[in-house]
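Novice: What follows is a single structure, and I will ask about it in a moment.
The values are calculated or read from the model by the stated rules, or taken from the named source; none is laboratory data. Note that this is a predicted model, so its numbers are computed, not measured. Glycine gets a Cβ as well: all are built from the backbone with ideal geometry, and neighbour counts include every protein chain shown. The protein model used for the area step is the full one, side chains on, heavy atoms only, and it has no ligands, DNA or RNA in it. Shrake-Rupley method; radii C 1.70, N 1.55, O 1.52, S 1.80 Å.
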Amino acid sequence: MLIRRRAGWEIPESQATPEAVFLDRRQWLAGGAGLMAATALPRDAAAQGPDPTLDLYPARRNAGYTLDRPVTDEELAANYNNFYEFGTSKDVVAAAKRLPTRPWTIAIDGLVEKPFEIGVDELIRKVTLEERLYRFRCVEAWSMAVPWTGFPLKSLVELARPLSGAKYVQMQTFMNPRVAPGQSQRWYPWPYTEGLTIAEASHDLALMVTGIYGKPIPNQHGAPLRLIVPWKYGFKSVKSISKISFVAERPKTFWEGLQASEYGFWANVNPEVSHPRWSQASEQVLGSRERRPTLLFNGYAEQVADLYKGLEKERLWA
Ligand code: MTE
């Protein structure tokens, strides 16, 4: 299929994938061997049965979020993923199926009135799901446009009741090397961790995502709960979240822990600030021959630029 072959436009992964700089050949081989052994295990989470929130889909589309380009073909988006827990290629669908996504609990802790745990289905039924069309721009210079289903992250912030000392929201992916063989590769700083300031997390565009294309989200896209922050590079949009902590200090994020010179905390999209190894001026739209000019804040500048007033001295762009 088209997506399995490298199209002429693609940046070779050796140049563009975030991991390429720091992995030496021995690590690659060791990682690959571990991956194959673990994928051969018989257990498959597909036996879980239908999603318990299926009745909530498709959710009402919020007409306030429109696109300047066609929606990406569902099959293409679903087969071109970054999910390092399940391998470093874009082809993680089969490996990610091994992740059991029910029961699934999210721990809310840190600087909150009262730490608690909540089952993902209970959480989803406490909020109102809606569908939004968003652009999505990966730091590797490809992009897509997708109908996500979810709820504003700010409603989760309200539910958590953070204390005044909380300045950041840190989000972590599950940790289970038995089902996610990538997590056995110890040179990565697992679990995958991301973070936003409270102001960013309270911005209306920051979405907790539970579905895509009018259905519950499939594992490779980050089931059962992931973040989408469309004005930032895609690596900020952490998948399969199991813990949300309200903290006073800026969290050290996964990619920053790995290669701080290339991936920082803010990671706002800016066509004028190149990645150290490639330009960010344009992007390859998935499923098209077209390269489009990349937009400041991925086209959301009008909505989010104010968040960064007074922060001009920070490394806001990568
Ligand atoms: N979250 C986790 N836990 N692990 C990952 O490897 N990759 C990130 C982000 N979230 C990643 C993750 C990157 S680099 C991108 S571009 C997006 O997920 C890809 O999302 P998609 O596969 O749904 O398109």
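Novice: Relative contact order of the chain, please, whole-number percent, based on alpha carbon pairs below 8 angstrom and at least 6 residues apart.
Specialist: Once divided by the residue count of the chain, the mean separation gives 19 percent.
Novice: Taking the chain as a Gaussian network, Cα atoms linked when under 10 Å apart, which of GLY87, GLY49, GLY222 shows the biggest mean-square fluctuation?
Specialist: In this elastic network of the chain, the residue with the biggest mean-square fluctuation among GLY87, GLY49, GLY222 is GLY49.
Novice: Between the range 144-218 and the range 101-127, what is the C-alpha centre distance in whole Å?
Specialist: The range 144-218 and the range 101-127 have Cα centres separated by 12 Å.
Novice: Moving on to the next point. 222 nm [θ] for the chain, helices only, -39500 (n - 2.57) per DSSP H run of 4+, per residue, to 500?
Specialist: Computed ellipticity for the chain at 222 nm equals -4000 deg cm²/dmol.
Novice: Per-residue accessible area for GLU312 at 1.4 Å probe radius, Å² rounded to 10?
Specialist: The accessible area comes out at roughly 130 Å².
Novice: Leaving out same-chain residues fewer than 8 places away, which lysines sit with a Cα under 24 Å from that of LYS236?
Specialist: Within reach: LYS90, LYS97, LYS154, LYS167, LYS215, LYS252, LYS309, LYS313.
Novice: For GLN303 and THR128, FRET efficiency with R0 = 25 Å and r from the beta-carbon atoms, rounded to 0.05?
Specialist: The formula returns an efficiency of 0.75 here.
Novice: Under a plain spin-label model, where a point goes 7 Å from the Cα along Cα-to-Cβ, how far apart in nm are GLU314 and ASP91?
Specialist: 4.0
Novice: So, in nm, how far is label LEU67 from label ARG178 when the simple model puts each one 7 Å beyond its Cα toward the Cβ?
Specialist: Roughly 4.0 nm, to one decimal.
Novice: Let me cross-check PHE174: its accessible surface, 1.4 Å probe, with only protein heavy atoms counted, in Å² to the nearest 10?
Specialist: We get 20 Å² for PHE174.
Novice: Follow-up question, since we're still on this one. I'd like the carbon and sulfur percentage of the solvent accessible area for the chain, probe radius 1.4 Å, heavy atoms only, ligands and nucleic acids excluded.
Specialist: 54
Novice: On to the next question. At a Förster distance of 30 Å, what's the computed FRET efficiency of TRP187 paired with ARG102, Cβ-Cβ distance as r, to 0.05?
Specialist: After rounding to 0.05, the efficiency reads 0.45.
Novice: Quick one: go through the range 291-313 and flag any residue whose amide nitrogen is under 13 Å from the point 7 Å out along the Cα-to-Cβ line of SER279.
Specialist: 291-294
Novice: Can you pull the accessible area of SER274 for me, 1.4 Å probe, Å² to the nearest 10?
Specialist: For SER274, the solvent-accessible surface is approximately 70 Å².
Novice: While we're here: Could you give P(r) for the range 2-308, binned at 20 Å from zero, as whole percent values over all Cα-Cα pairs?
Specialist: Pair shares across the bins are 33, 62, 5.
Novice: I need the calculated FRET efficiency for the pair GLU290 and ASP204, taking r as the beta carbon distance and R₀ as 25 Å, to the nearest 0.05.
Specialist: With R0 = 25 Å, the Cβ-Cβ based efficiency is 0.30.
Novice: In terms of modelled amide H atoms, which long-range or inter-chain residues lie less than 5 Å from the amide H of GLU283?
Specialist: Under 5 Å from the amide H of GLU283: ARG292, THR294.
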